[in-house]
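Worksheet for the structure shown next.
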Amino acid sequence: MYALTNCTIYTTEAVLTDHAVIIENDLIKNIVVASDLDSNIKKIDLNGANLSPGFIDLQLNGCGGVMLNGAETQETLKIMQATNLKSGTTSYLPTFITDADEGIKRMLKVTRHYMDKTPNEVLGLHLEGPYLSIEKKGIHRPEFIRKPDAAMIEIICENSDIVSMLTLAPENSPIAVIKQLSESNIVVSMGHTNATYAQAKVAIDNGVSCATHLFNAMSAIAGREPGVVGAIYDNDIYAGVIVDGFHVAYENVRISKKIMGEKLFLVTDATAPAGANIDSFDFVGTTVFYKEGKCLGTDGTLGGSAVTMIESIEQTVKFVGVELKEAIRMATLYPAKAISVDNRLGSIKVGKVANLAIFNNDYKVTATVVNGVYKAS
């Protein structure tokens, strides 16, 4: 047992000073006034830093020099987790983009093995594709984009305890498939879609509860056709948004926040350069170049991001104009709610898992706690 002291605590319900968080084993045991701490308890002085729930990233293709696609191994997940900790992300959904069925099956086995060994780090797999729109494919390889296959959907649903989210284009996916996935407790997210408002609305009514990287690779609002963006705004579903200054204009993030409130959460959509010093990488057979913060294919298509979660929070505060306490919720509580893990993660509350981020007022992560284990950065 130990106590984290001398910090500003962002619980997601309140902002506390002159308090301490007591950790016992892997759980938050108590939040107490600092002066009431037992003198015998071990104390870790956070030197006036901010203490928040650990960040939760629901869309992470790679980081630390590695990509998930093409390296579906335990080691890749370990490298991603270790890199995440440097930017305060304690839990994540490794995101496997459009690939052949063999790749998906391999990733299911790897994810299960990792999750069986280590709780509250990898929270499940995010399958981004392959059931997408060719028109809105982005960096995804068109030869792998296809309509849902009944046998493969059955395999995915049989593994619903480790598949947290699946991104699909509703106009290319039968409603029965969307229902089957949703009823298997997989979060069905719209993305890489050219759907009309009407098509998106039918999908939402039948189980779609989220949208993948808002604005990017989806039909926009137009005067006579609200598109997927309009359907998201009008139907109270969750959506992740990339706040790196390249994918979405800060003004559009601000407008979306006003409309969507607690349903808008931060994702990084990060790739190999995040937390690494490289200038190019392979993204499912496509070479992506990293320069001046951008990840671009040879045709100029954005190929993921290189932003970290702490940078996303900083930019949400500085350039979108969201208060820090709310930007923290966008990286913790709201993504936890989106995938229904808020019963154990996403806030600082007695009885919840001690996954925590510690960062200073310059947005530098100084330490993390994962399953109760404190680790300085």
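The values are calculated or read from the model by the stated rules, or taken from the named source; none is laboratory data. As the structure is a computational prediction, the values presented were derived from the model and not from experiment. We place every Cβ from the backbone using ideal geometry, glycine too, and count neighbours over all the protein chains shown.
Numbers at a glance
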| read-out | value |
| --- | --- |
| Residue that is of a type in the set (Asp, Glu), touching a strand residue (DSSP E or B) at 6+ places or on another chain (Cβ under 7 Å) and crowded, with 19+ Cβ neighbours inside 10 Å, where the choices are Asp269, Asp279, Asp342 | Asp269 |
| Test for Glu154: is it in contact with a Gly (Cβ under 8 Å, 6 or more places away or on another chain), acidic (Asp, Glu) and either in the same structural domain as Ala306 (by TED's automatic domain parsing) or touching a residue at least 60 places away in the same chain (Cβ under 8 Å) (or both) | no |
| Entirely in segment 139-229, the helices (runs of 4 or more DSSP H) that have 1 or more residues that are surrounded by fewer than 20 Cβ atoms within 10 Å (Cβ to Cβ) and basic (Lys, Arg) | 175-183, 197-205 |
| Residue match in segment 192-207 (condition: among the polar types (S, T, N, Q) and touching a residue at least 60 places away in the same chain (Cβ under 8 Å)) | yes |
| Scan of segment 48-78 for residues that are surrounded by fewer than 20 Cβ atoms within 10 Å (Cβ to Cβ) and under 21 Å from Asn355 (Cβ atoms), ordered by number | Gln74, Lys78 |
| Some residue of segment 127-135 being of a type in the set (Val, Ile, Thr), farther than 29 Å from Leu345 by Cβ and in contact with a strand residue (DSSP E or B) (Cβ under 6 Å, 6 or more places away or on another chain) | no |
| Test for Asp362: is it surrounded by fewer than 16 Cβ atoms within 10 Å (Cβ to Cβ) and in a loop (DSSP other than H, G, I, E, B) | yes |
| Residue count, segment 256-288 (criterion: β-branched (Val, Ile, Thr), over 16 Å from Glu314 (Cβ atoms) and outside any helix (DSSP H, G or I)) | 6 |
| Breaking point among (1) of a type in the set (Val, Ile, Thr); (2) crowded, with 21+ Cβ neighbours inside 10 Å; (3) outside any loop (DSSP other than H, G, I, E, B), for Ile348 | (3) |
| Residue list for segment 229-249, filter: more than 11 Å from Ser209 (Cα to Cα) and among the aromatic types (Phe, Trp, Tyr) | Tyr233, Phe246 |
| Boolean, Asp299 is part of a strand (DSSP E or B) and within 16 Å of Arg141 (Cα to Cα) | no |
| Among the residues listed as Gly227, Gly303, Gly223, Gly285, the single one being among the small types (Gly, Ala, Ser), farther than 30 Å from Val177 by Cβ and assigned by TED's automatic domain parsing to the domain that holds Tyr92 | Gly223 |
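Per-residue answers, yes or no, for (1) surrounded by fewer than 24 Cβ atoms within 10 Å (Cβ to Cβ); (2) not in a loop (DSSP other than H, G, I, E, B):
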| position | (1), (2) |
| --- | --- |
| Val248 | yes, no |
| Arg254 | yes, yes |
| Ile313 | no, yes |
| Lys318 | yes, yes |
| Val322 | yes, no |
| Ile328 | no, yes |
